[in-house]
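A short worksheet on the structure shown next.
We did not get these values from a lab; they are worked out from the coordinates using the rules stated. Note that this is a predicted model, so its numbers are computed, not measured. Backbone-built Cβ (ideal geometry, glycine too); neighbour counts: all protein chains shown.
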Amino acid sequence: MPVYDLTEKEERVILVGVRTGEHDDTERSLDELKDLVKTAGATSVARVIQNREAVHPGTYVGKGKIEEIKELIWEYEATGIVCDDELSPAQMGNLTDELDTKVMDRTLVILDIFAARASTSEGKIQVELAQLKYRQSRLAGYGKAMSRLGGGIGTRGPGEKKLEMDRRLIKSRIAQLNRELKDVKRHREVTREQRSRSHMPVIAIVGYTNAGKSTLLNTLTDAKVLEEDQLFATLDPTTRNLKLPSGQEILLTDTVGFIRKLPHHLIEAFKSTLEEARYADIILHVVDTSNPQMDDQMYVVYETLQRLEVMNKPVITAFNKIDRTGQEVLVRDFKADKTVQISAKKQQGLEQLLAAIEDILREQKIYVERVYPYPEAGKIQLIRKYGELMEEECREDGIYVRAYVPKEIYGKL
């Protein structure tokens, strides 16, 4: 009986980038692409960068570079190439014909990682939707690979081509997923409505992928979210309660990590998840201080928040992983209302972080100083739950209270 080797062959890829201006940091972008490829389970064996005024509209790189890539594929026994930008259907088709190898782009790699990481039904819907939208525009290239499921006798029109049917299959699946996503969005809105009725402040943790958002959430709330030193370790948002030193309760929400050149399809598909930041009271921006590209990453985060229309929110920037820098680092974020230096892993600087959160929350509250007669003592419980009780003293005429309370609660007091 023949023995079949079922071990999956390791993919060996060549990274390809185009530098269109002297300010283009293509080298760093390819470093990140290397990490993405590694996270997706492949190995990058070489890299090629071409300096051009603009990306070649037909083949991404010029003729000379294509020949160079051909030689590298043969030399390193590469199984494919990964381009640093999103390729048009024509570029992908032409490159595949020229090189006779598997051609991928940055978007495809990110989508692949997202597909492997999605664990909740919402995450899976969002990833599939993004993948289908990506494939829809590239159907000519994917024609041979598309599924023949569905259909059956009587579904093909006279002379209908396989490509047309694929197009219809994708279109109807996208429509179905959009309906499912709408239901998820409605459920999310109901949850948000309940949260706002509970008057609990919501803090959204945002940041570049692998900045340490999940580690911080786990350290503060024991959320048991997956922590790994790799890109996009967690996709699904997690919300947990946290009691501040003052006794006030808040909600902390983790969001999907940002990355440069984050594909448009993903931002669209993950909008309901990323919208958590839109409805938050405070944005907690986690930055990896040990990363040499820290400033670029901060810029990408603010740019993505702008694309999501998350504006005019108080921002606390937590410069994380200070234990890795080995020295006191001068870090600044002029867009933040407050900055703190922390190490989520080593639990350093967390008191300062919580104090910064309390300071900003206090600015959003109303100061109350009064005596409540004993029959109205129940109102103090409201202050304890939603506000910050500074002082409480029993007197003959009632209970003297000094506190900060949310504007929504003030009317009830």
> Once amide H atoms are placed 1.01 Å from N in the peptide plane, what residues at a sequence separation of 5 or more from residue 345, or on another chain, have their amide H within under 5 Å of its amide H?
Replying inline: 321
>> Cut-off is 10 Å between beta-carbons; in what order do 340, 37 appear when sorted fewest neighbours first?
In response: 340, 37
> With each label point set 7 Å from Cα along the Cα-Cβ vector, what nm distance links residue 278 and residue 299?
Replying inline: 2.7 nm
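Using 0.36 nm per residue of separation minus the Cα-Cα distance, give me the extension gain between residue 189 and residue 324 in nm, one decimal.
Result: 44.7 nm gained on full extension.
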> Do you know the relative contact order of segment 362-407, to the nearest whole percent, from alpha carbon pairs under 8 angstrom that are 6+ apart?
Replying inline: 53 percent
> Where is the GNM fluctuation largest for the chain (alpha-carbon springs, 10 angstrom cutoff): 218, 51, 210?
Replying inline: 51
>> What lysines does residue 338 reach when the alpha-carbon gap must be under 17 Å and sequence neighbours fewer than 8 apart in one chain are set aside?
In response: 313
> Once the Cα atoms of helix 294-307 and of the chain are each reduced to a long axis, what angle between those two axes, in degrees from 0 to 90 to the nearest 10, is obtained?
Replying inline: 80 degrees
> What is the distance in Å between the Cα centres of segment 29-106 and segment 352-413?
Replying inline: 61 Å
> What are the lysines whose alpha-carbon lies under 21 Å from the alpha-carbon of residue 261, with same-chain residues fewer than 8 places away excluded?
Replying inline: 34, 38, 133, 213, 271
>> Can you tell me the orientation of helix 26-39 relative to the chain, as the angle in degrees between its alpha-carbon axis and the longest Cα principal axis, to the nearest 10?
In response: 90 degrees
>> Output wanted: per-residue J couplings in Hz (rounded whole) for segment 19-24, from phi through Karplus 6.51 cos²θ - 1.76 cosθ + 1.60, θ = phi - 60°, x for Gly and Pro.
In response: 9, 9, x, 5, 8, 5
> With a 10 Å Cβ neighbour count serving as the proxy for reagent exposure, in which order, fewest first, do 386, 76 appear?
Replying inline: 76, 386
>> With an 8 Å Cα cut-off and a minimum separation of 6 or more residues, compute the relative contact order for the chain in percent.
In response: 11 percent
> What residue among 182, 213, 133 shows peak mean-square fluctuation when the chain is described by a Gaussian network model with Cα springs under 10 Å?
Replying inline: 182
> Near the amide H of residue 15, under 5 Å away, which other amide H atoms are found, from residues 5 or more places off or on another chain, if H is placed in the peptide plane?
Replying inline: 45, 46, 47, 48, 82
> Going by a ≥ b ≥ c, the root eigenvalues of the Cα gyration tensor, does segment 12-112 fall in the rounded group (a/c under 1.5), the prolate group (a/b larger than b/c) or the oblate group?
Replying inline: rounded
> Just the C-alpha atoms of the chain: what Rg/Rh do they give, with Rh taken as the Kirkwood radius?
Replying inline: 1.07
>> Given points 7 Å out from each Cα along the Cα-Cβ axis, report the residue 244 to residue 359 separation in nanometres with one decimal.
In response: 1.2 nm
>> Could you list 380, 125 so that the one with the fewest beta carbons within 10 Å of its beta carbon is first and the one with the most is last?
In response: 380, 125
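Rounded if a/c is under 1.5, else prolate if a/b beats b/c, else oblate: with a ≥ b ≥ c from the C-alpha gyration tensor eigenvalues square-rooted, which is segment 200-362?
Note, shape of segment 200-362 comes out rounded.
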> With contacts defined as alpha carbon pairs under 8 Å and 6 or more residues apart, what's the relative contact order of segment 1-94 in percent?
Replying inline: 39 percent
>> To test your reading of the geometry: what angle, between 0 and 90 degrees and rounded to tens, separates the Cα axis of helix 106-117 from the longest principal axis of the chain?
In response: 60 degrees
